[in-house]
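Colleague: Got a structure for you, questions after.
The values are calculated or read from the model by the stated rules, or taken from the named source; none is laboratory data. All of these numbers come straight from a predicted model, not from anything done at the bench. Here the Cβ positions follow ideal geometry from the backbone for every residue, glycine too, while neighbour counts run over all protein chains shown. Protein only, heavy atoms only, side chains kept; ligands, DNA and RNA dropped before computing areas. Shrake-Rupley method; radii C 1.70, N 1.55, O 1.52, S 1.80 Å.
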Amino acid sequence: MKTNQWRPGMGDMQILPGTRHRPPLKRPVWIIVLVSLVSIFVICAFLYPPQSSAACYIFSSRGCKAISDWLPPAPARDFTDDEIASRVVIREILSQPPIQSKNPKIAFMFLTPSALPFEKLWDKFLHGHEGRFSVYVHASKEKAIHLSRYFSNREIRSDPVIWGKISMVDAERRLLANALQDPDNQHFVLLSESCVPLYTFDYIYDYLMNTNISYVDCFEDPGPHGNGRYSEHMLPEIEKKDFRKGAQWFSMKRQHAVIVMADSLYYSKFRDYCKPGFDGRNCIADEHYLPTFFNIIDPGGIANWSVTHVDWSERKWHPKLYKSQDITYELLKNITSVDVSVHVTSDGKKVVQRWPCLWNGIQRPCYLFARKFHPETLNDLLHLFANYTTI
């Protein structure tokens, strides 16, 4: 029996539709390009920040600070073991309430080569206020013969002091150590043999005792006589961004005096790496140690200016020395009328930094003492003392 076999023919085959040809998608190329450019700009701005203010202002009317505000923060470094130990001790000291004294005193600490030429003036200033002050004298060259009973037998053990070297800081710390032995001493004022008071004892006593800050001169100087003295040997504990400058003539509360004596870590960095001629730099330890130290450990606890006036207008290595012909009532009145602290950077820009001298939030005269006065001015100052101390 013959079976009919069916074989598909061309007419019987179903023709399936072929795949559609789709046009390529039109990607938003301009968006990709824009995002890429922005990403490249952000990365470059982070790695290579603008070096000039003009470049900063191209991108922001607020300058470089505005750019840095939105850049990723720098990663915090880990503290060394010595730093951790130091900060724990300092934090514990600052967190403790100050020693309460029934008879709080000011410690006047004189750093002098030998004699005190204005001892008669200081005797007049201190007279009648016994029990409210202490006097300490560090005579680095020879012991002086004193004319005032307030200075007799007030010398401490002293070592030679060389200007610009760590021996100056050592003398300051030696004075603090001796003054801290008296628990009634609540404020510590460092003075030189050329310093004189500008106000009555009561005015200065109230000014210092009725505030909770220390008067340590401290400002940032990017110039050669500021950050130009910094040495990378101070790393990692002291970074260049924390390096500060200021006059050595401080007035500090007891807690701050204690932490200065407790410090060995930061002191050792300045002892070893801040000295004239080191690494080709003329680093002056007494101008940088305390400002940098307090900027790192308690920046909010200091006033950033010294209560001792010094005239640097002559732009020399040493401040102006007042002679007899300079001593007038107008000079002293001008000094005591200053209520704005001024610092000038040592770089080519000579940027003038100004901030008001605030005492418990109130703007008041900055200076309680002044220097440098030549010994020949003693009689002129004694003559004016009754008048200028009541300005």
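Colleague: What order, most packed first, do the peptides 222-230, 90-98 have when packing is the mean number of other Cβ atoms within 10 Å of each residue?
Modeller: Working: 222-230: 18.1, 90-98: 12.3.
Ranking, from highest mean packing down: 222-230, 90-98.
Colleague: Which whole-number value in Å² is the accessible area per residue of the range 81-308, probe 1.4 Å? Can you show the working numbers first?
Modeller: Working: 9130 Å² over 228 residues.
Ligands and nucleic acids excluded, the figure is 40 Å² per residue.
Colleague: While we're looking at this one, here's another question. Using the beta-carbon distance between Val342 and Ile84 and R0 = 30 Å, what value does 1/(1 + (r/R0)^6) give for FRET efficiency, to the nearest 0.05? Please report the intermediate quantities before stating the final value.
Modeller: On the way: r = 38 Å, r/R0 = 1.26.
Step by step, r from the Cβ atoms, then E = 0.20.
Colleague: Okay, moving on. So if the hydrodynamic radius of the range 81-308 is defined as the Kirkwood radius over C-alpha pairs, what does Stokes-Einstein give as its diffusion coefficient at 37 °C and 0.692 mPa s, in µm² per second? It would help to have the intermediate numbers written out before the result.
Modeller: Details: Rh = 18.2 Å.
Taking Rh from Cα pairs, D becomes 180 µm²/s.
Colleague: Determine the alpha carbon to alpha carbon distance for each of Lys269/Lys333; Lys141/Lys320; Lys124/Lys245; Lys241/Lys316 and list only those over 32 Å.
Modeller: Working: Lys269/Lys333 41 Å; Lys141/Lys320 23 Å; Lys124/Lys245 34 Å; Lys241/Lys316 26 Å.
Checking Cα-Cα distances, Lys269/Lys333; Lys124/Lys245 exceed 32 Å.
Colleague: Heavy-atom accessible area of Glu172 with all protein chains present, probe 1.4 Å, nearest 10 Å²?
Modeller: My reading of the accessible area for Glu172 is about 10 Å².
Colleague: Check the straight Cα-Cα distances from Lys372 and name the aspartates and glutamates below 16 Å, setting aside those fewer than 8 residues away within the same chain.
Modeller: In chain and number order, the partners are Glu119, Glu193, Asp311, Glu314, Asp326, Asp380.
Colleague: Of the chymotrypsin sites (Phe, Trp or Tyr not before Pro) in the range 284-391, which ones lie in a loop per DSSP and count no more than 16 other C-beta atoms within 10 Å? If you can, show how the numbers build up before the last one.
Modeller: Numbers: sites: Tyr289, Phe293, Phe294, Trp305, Trp312, Trp317, Tyr322, Tyr329, Trp359, Tyr367, Phe369, Phe373, Phe385, Tyr388; in loops: Trp305, Trp312, Trp317, Tyr367.
Sparse-neighbourhood loop chymotrypsin sites (Phe, Trp or Tyr not before Pro): Trp312, Trp317.
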